[in-house]
Amino acid sequence: MDAILVVNAGSSSLKFQIFTVSQGKLTRQIRGQLDGIGQRPRLRAFDAKGTSLFDLTFQREEVPDLPAAIDRTRTWLRSLEGFNLLAIGHRVVHGGPDYAAPTIIDHALLDKLATYAELAPLHQPNNLLPIRLAMEINPDVPQVACFDTAFHRDHPDLADFYALPLAFHREGIRRYGFHGLSYEYVAGRLRQIAPQHAAGRVIIAHLGSGASMCALLDGHSVESTMGFTALDGLPMGTRPGQLDPGVVLHLIMQKGMPAEAVSKLLYHEAGLKGLSGISNDMRDLLASKDPRAAFAIDHFVYRCALNIGSLTAALGGLDAFVFTAGIGENAPELRERIVHRMEWLGAALDPEANRAGSSLISTPTSRVALYVVPTDEELMIAGHTLRLITATH
Ligand code: ADP
């Protein structure tokens, strides 16, 4: 059957999904990942119902890095029968200032995207590696890059400039925003579920291990809590969110921390993990009786509330608020606490609908409609990929 492979390559994991295509309709068949690269590598795959298809653990030196992970995964994918690979869709974190939409990849585009590695050094090179390898091995299979920044490219300049001398903006030091594939998917679902609200002033809260919020007017992103990098905005699993840049200067200049150590602190040791000293996983914190866990959760909720206030100001009011991603979809207690801090906006939660995980979780009289909409970035990528290859053939 005709199929599209979706790839999301990071430094420690390679995630993949296979969708079959029939009469223009996509159906997810397989999802899998090789995680623990260079640590405890494990390749797992599941069918659409979640039944395990494959589960193999490797020695650390058997899969020391991403190229080895790609090789192992490719070998397994090639052993599958019955799929005719039409195209590969990739999640690429950075489309820089130029790419506002998914794009078919050629060598020129790949070279251009490689120049954005400076803007996202931890992600972009990993995202591009499987593209380069697939181009060499399967040059006839079209590949599509779907950017996490693209959905935010409609922002007014007012939102995307930093108050720095203009030359910095010209060299790319500006706000970009991320999680765009998730926002695009959720905004599309909201249009189906509640068109009247989707056309209004909406905040989508993508609360996962990475967390951000996006303000939308009539389905278009006008503001986001993430900026030049995915460090800004809300506190996350291991990232601090908004931080006075003076702290970074202090760490480097007064404490003498090497830049690499500061980077490690900000990407891997801060956020819920750093604050609680217990875990980066919200489930662990909710289950813990340790007061530091409670404080980390309080802090997360408080910062969410502050950012809702600022995005509401960007929108000039708020008609609907949507929870999505790991925490947003699965933690009713967190939703309740965040909505409690939105009561000044006229938001009123229906506690039963919230506990039941309904799509609409506000009361009929709430001035802000509250929704839970599960995200699906991979389906978004598969959809873009199919649309682009269909348009060009
Ligand atoms: P990513 O940002 O890596 O794509 P997800 O959106 O899958 O991650 O979110 C993962 C996070 O969601 C976990 O680290 C955990 O903190 C949180 N999470 C998942 N399920 C629950 C739950 N039932 N209760 C609270 N938090 C949850």
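The values are calculated or read from the model by the stated rules, or taken from the named source; none is laboratory data. All of these numbers come straight from a predicted model, not from anything done at the bench. FYI the Cβ positions are ideal-geometry reconstructions off the backbone, even for glycines, and counts take in every protein chain you see.
Do the conditions hold for Ala314, that is, is it over 25 Å from Pro374 (Cβ atoms), in contact (Cβ under 8 Å) with a residue 12 or more places away in the chain, part of a helix (DSSP H, G or I) and away from the ligand (no atom under 16 Å from the Cβ)?
Yes: the conditions hold for Ala314.
Looking at Asp281, Asp290 in this structure, which one is touching a Leu at 6+ places or on another chain (Cβ under 9 Å) and in contact (Cβ under 8 Å) with a residue 12 or more places away in the chain?
Asp281
For the stretch 282-294: of the residues being of a type in the set (D, E, K, R) and either modelled with pLDDT under 95 or part of a helix (DSSP H, G or I) (or both), which is farthest from the ligand (Cβ to nearest atom)?
Among them, the one singled out is Arg292.
Which numbered condition in (1) within 24 Å of the chain's Cα centre (by Cα); (2) of a type in the set (Val, Ile, Thr); (3) surrounded by fewer than 18 Cβ atoms within 10 Å (Cβ to Cβ); (4) not in a strand (DSSP E or B) is the only one that Thr75 fails?
Among (1) within 24 Å of the chain's Cα centre (by Cα); (2) of a type in the set (Val, Ile, Thr); (3) surrounded by fewer than 18 Cβ atoms within 10 Å (Cβ to Cβ); (4) not in a strand (DSSP E or B), the lone unmet condition for Thr75 is (1).
Taking the stretch 232-276 as the search range and keeping residues that are within 16 Å of the ligand (Cβ to nearest atom), without any contact (Cβ under 8 Å) to a residue 40 or more places away in the chain and more than 23 Å from Thr149 (Cα to Cα), which one is surrounded by the fewest Cβ atoms within 10 Å (Cβ to Cβ)?
Ranking the qualifying residues of the stretch 232-276, first place goes to Glu269.
May I ask you to say which residue of Leu122, Leu128 is under 23 Å from Ser12 (Cβ atoms) and buried (at least 16 other Cβ atoms within 10 Å of the Cβ)?
Answer to the check: Leu128.
Quick one: count up the residues across the stretch 35-70 that are outside any strand (DSSP E or B), within 24 Å of Glu81 (Cβ to Cβ) and in contact with a Lys or Arg (Cβ under 9 Å, 6 or more places away or on another chain).
The number of residues fulfilling the criteria is 3.
Listed residues Ser212, Ser221; which is among the hydroxyl-bearing types (Ser, Thr, Tyr), within 14 Å of the ligand (Cβ to nearest atom) and part of a strand (DSSP E or B)?
None of the other options fit; the residue is Ser212.
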